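Student: Below is one structure. I have some questions about it.
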Amino acid sequence: MSILTQLAEALRDGSIEVIDLTAPLSSQTPLLELPPEFGQTAQFQLEEISRYDDRGPGWYWNNFRTGEHTGTHFDAPIHWVTGKDLDDISKVPAGVFVRPAAVLDVTDKVAADPNFLIEREHLQEWEEEHGALPSGGWLLCRTGWSARTTQEDMINNTQTGPTSPGMSVECARWVAQESDLIGIGVETVGTDAGAAHSFDPAFPCHSMLLGAGKYGLAQLQNLDQLPAAGAMVLASPLKIVDGSGSPVRVVALIER
Ligand code: MN
């Protein structure tokens, strides 16, 4: 039997399950907030064209307005100045949309410290337990942050500004420049920690991963339903010509 026939069988008999890793996309979806002097990403908004009425008696449809980086979304290398000569979202090779994933669970550490940063040593500990990180795969950072579904809870502003977990400069440098990983996925509104504006360099995950031609996935959910190793992530962004990123429906295949 071919591998794809086996896959079809496994999907049918439930031995492979499909997990939705995507946050609902609506006008309530939390958004990244930048200081007021900068431009802001837009809320998702539906604009009804017709709903079985005078404007269209037999059909319902909408236009929508959204930021590329609103809700669960995919960061292309061109999103950051360090990647300005690299791929826009329409040029990301389709092979990137189907990749294995490692899931690093730091939920307990984040519960104790919302500014918690993933360090190189946490990746080493993962590898000691589960083997090598998947070559060409994603590192999905499970922080528990997806339980925060309101704007206030997601951004978690404190005296020092946005307060949410992320990755240290040194770890981001290693992922970008030394690892075989293709990118990272997070539960927060962006791949960097809330306090990453104050890091040196600022926003190290954006700066170093995208500058290295790698990718980001933000605002993922249901990472608690994935195994630490062995999941396959499907993440297909819209083919927006010149786009810096795109809303994306992310799912994972897992073996039962
Ligand atoms: Mn983004």
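Laboratory data are not the source of any read-out in this text; all were calculated from the coordinates shown. Predicted model, so just to flag it, every value in this text is computed and none were measured. Quick reminder, even Gly has a Cβ in these numbers, built from the backbone with ideal geometry, and neighbours come from all protein chains shown.
Student: Net charge near residue 8: determine it from the other residues with C-beta under 15 Å of the C-beta of residue 8, scoring Lys and Arg +1 and Asp and Glu -1.
Tutor: Values: positive: 12; negative: 9, 13, 17, 255.
Neighbour charge sum, excluding residue 8 itself: -3.
Student: Express in nm, to one decimal, how much length is gained between residue 152 and residue 238 on full extension, taking 0.36 nm for each residue of separation and deducting their alpha carbon distance.
Tutor: Values: separation 86, 0.36 × 86 = 30.96 nm, distance 2.83 nm.
Once the chain is fully extended between residue 152 and residue 238, it gains 28.1 nm.
Student: May I ask for the net charge around residue 78, where only other residues with Cβ less than 15 Å from the Cβ of residue 78 are counted and Lys, Arg are +1 while Asp, Glu are -1? Intermediate values should be presented prior to the final figure.
Tutor: Working: positive: 84, 91, 214, 239; negative: 68, 75, 85, 87, 88, 242.
Every neighbour counted, the sum reads -2.
Student: Let me ask something else. Looking at the chain as a GNM with Cα springs under 10 Å, which of 55, 99, 12 has the largest mean-square fluctuation?
Tutor: Looking only at 55, 99, 12, the largest GNM fluctuation is found for 55.
Student: Once R0 is set to 45 Å, what does the formula 1/(1 + (r/R0)^6) return for the Cβ-Cβ distance between residue 84 and residue 9, expressed as a FRET efficiency to the nearest 0.05? It would help to have the intermediate numbers written out before the result.
Tutor: Working: r = 45 Å, r/R0 = 1.01.
Computed FRET efficiency for residue 84 and residue 9: 0.50.
Student: Here's another thing I want to ask about it. Only helices at least 24 Å long along their own axis, judged from Cα atoms, and with Kyte-Doolittle mean hydropathy of -1.0 or greater: name those in the chain from DSSP H. Provide the component values of the computation, followed by the final result.
Tutor: Values: long enough: none.
Membrane-span-like by this criterion, though nothing is claimed about a membrane: none.
Student: If r is the Cβ-Cβ distance from residue 202 to residue 37 and R0 is 25 Å, what FRET efficiency results, to the nearest 0.05? Could the numbers behind the result be given before it?
Tutor: On the way: r = 15 Å, r/R0 = 0.60.
Efficiency computed from Cβ-Cβ geometry: 0.95.
Student: Another question, if that's okay. For the chain, modelled as a GNM with alpha-carbon contacts under 10 angstrom, which of 25, 140, 223 fluctuates the most?
Tutor: Looking only at 25, 140, 223, the biggest GNM fluctuation is shown by 25.
Student: Explain nothing, just the number: dipole magnitude of the chain about its Cα centre with +1 on each Lys and Arg Cβ and -1 on each Asp and Glu Cβ, in debye rounded to the nearest 20.
Tutor: For this selection, approximately 640 debye.
Student: Counting pairs on different chains as well as pairs 8 or more places apart, how many Lys pairs in the chain have Cα atoms under 21 Å apart?
Tutor: Values: 84/214; 84/239; 91/214; 91/239; 214/239.
Here the count comes out as 5.
Student: With a/c under 1.5 counting as rounded, go ahead and sort region 152-217 into rounded, prolate or oblate using the C-alpha gyration tensor (a ≥ b ≥ c being the square roots of the eigenvalues; past the cut-off, prolate if a/b is larger than b/c, else oblate). List each step's numbers first, then the result.
Tutor: Details: a/c = 2.78, a/b = 1.77, b/c = 1.57.
In terms of gyration-tensor shape, prolate.
Student: Next question. If I take every Cα pair under 8 Å that is 6 or more residues apart in the chain, average their sequence separation and divide by the length, what percent do I get for the relative contact order? It would help to have the intermediate numbers written out before the result.
Tutor: On the way: 592 pairs, mean separation 75.0, N = 256.
Across the chain, relative contact order equals 29 percent.
Student: A further question follows. Which one, 29, 150, 158, has the greatest fluctuation when you compute a Gaussian network model over the chain with C-alpha springs under 10 angstrom?
Tutor: 158
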